[in-house]
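Following: one structure in structure tokens, then a few remarks.
The values are calculated or read from the model by the stated rules, or taken from the named source; none is laboratory data. All figures in this text were calculated on a predicted structure; none of them were measured in a lab. Backbone-built Cβ (ideal geometry, glycine too); neighbour counts: all protein chains shown. These area figures cover heavy atoms from the full protein model, side chains too; ligands, DNA and RNA do not enter into them. Shrake-Rupley method; radii C 1.70, N 1.55, O 1.52, S 1.80 Å.
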Amino acid sequence: SQTIHQWPATLVQPVGSPLSLECTVEGTSNPNLYWYRQAAGRGLQLLFYSVGIGQISSEVPQNLSASRPQDRQFILSSKKLLLSDSGFYLCAWSLGSSGNTIYFGEGSWLTVV
Amino acid sequence: AQSVTQLDSQVPVFEEAPVELRCNYSSSVSVYLFWYVQYPNQGLQLLLKYLSGSTLVKGINGFEAEFNKSQTSFHLRKPSVHISDTAEYFCAVSDSDGGSQGNLIFGKGTKLSVKP
């Protein structure tokens, strides 16, 4: 069966520090991979998605970047965090075709102080 | 472009009462519709989805939803809720022609609070 892991689960970082959140998927090949952010009262915002290694699409211009160095690995990064980057970050995967379920990881809480 | 509106940000109900969580969408193309549930400090879990066929869709935990194309709605219902149903519920839409790579557009969520 397929599983998705993301880490760390909780992170407290000072303003201006770098960020790296990692996500891996097991049990499937060539998945679509996603990073969502959930801020209080704003629902889920799609940040990045990837349909293959090295292929990244950005949905919202901001202080973050994403990379996919391997088929089942997706990394969310920032060189300098802002207070507004605080939130709950969710990695997810799907088999890519419309109508397929998107499966979510357990999430990572980021607090920028 | 698609959008999803969840009309209620919070819904308090008593245990064993029925509940309806409302969702409306807008899209210029045919869509697929989803409901997800999020328990505190966890990721999202699929409750049910509508792709085609019968407009009444049954999901896990006794939930069901009805797709109404004329009203562009996909309301979620449960005839009798439990304390354990306390969670946040998200409605989501994706287009059905493959143009969005299956990406989901989510509503802002409805917090269901079940009281004893």
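Could you grab me the full set of residues in segment B:12-56 that are among the polar types (S, T, N, Q) and within 14 Å of chain A (Cβ to nearest Cβ)?
Hits for segment B:12-56 are B:Ser27, B:Ser30, B:Gln38, B:Asn41, B:Gln42, B:Gln45, B:Ser52.
Does A:Arg72 satisfy the criteria of being open to solvent by 50 Å² or more (accessible area, probe 1.4 Å), of a type in the set (D, E, K, R) and within 11 Å of chain B (Cβ to nearest Cβ)?
So A:Arg72 does not fit the description; no.
How many residues does segment A:9-35 contain that are under 15 Å from the mean Cα position of the chain (by Cα) and either hydrophobic (A, V, I, L, M, F, W, C) or open to solvent by less than 40 Å² (accessible area, probe 1.4 Å) (or both)?
Going through segment A:9-35 one residue at a time, the tally reaches 12.
Within segment B:1-28, work out how many residues are under 18 Å from B:Asn103 (Cβ atoms) and open to solvent by less than 60 Å² (accessible area, probe 1.4 Å).
7
Can you tell me which of A:Ser94, A:Ser67, A:Ser58 is among the small types (Gly, Ala, Ser), more than 10 Å from chain B (Cβ to nearest Cβ) and surrounded by 15 or more Cβ atoms within 10 Å (Cβ to Cβ)?
Answer to the selection: A:Ser67.
Among the candidates A:Leu83, A:Leu44, single out the residue that is more than 10 Å from chain B (Cβ to nearest Cβ) and either within 24 Å of B:Val93 (Cβ to Cβ) or exposed (fewer than 14 other Cβ atoms within 10 Å of the Cβ) (or both).
A:Leu83
Please enumerate the residues belonging to segment B:49-58 that are open to solvent by less than 30 Å² (accessible area, probe 1.4 Å) and at pLDDT below 95.
B:Tyr50
Give me the residue from segment A:99-113 that is in a loop (DSSP other than H, G, I, E, B) and within 13 Å of chain B (Cβ to nearest Cβ) and, out of that set, surrounded by the most Cβ atoms within 10 Å (Cβ to Cβ).
The extreme case among them is A:Gly105.
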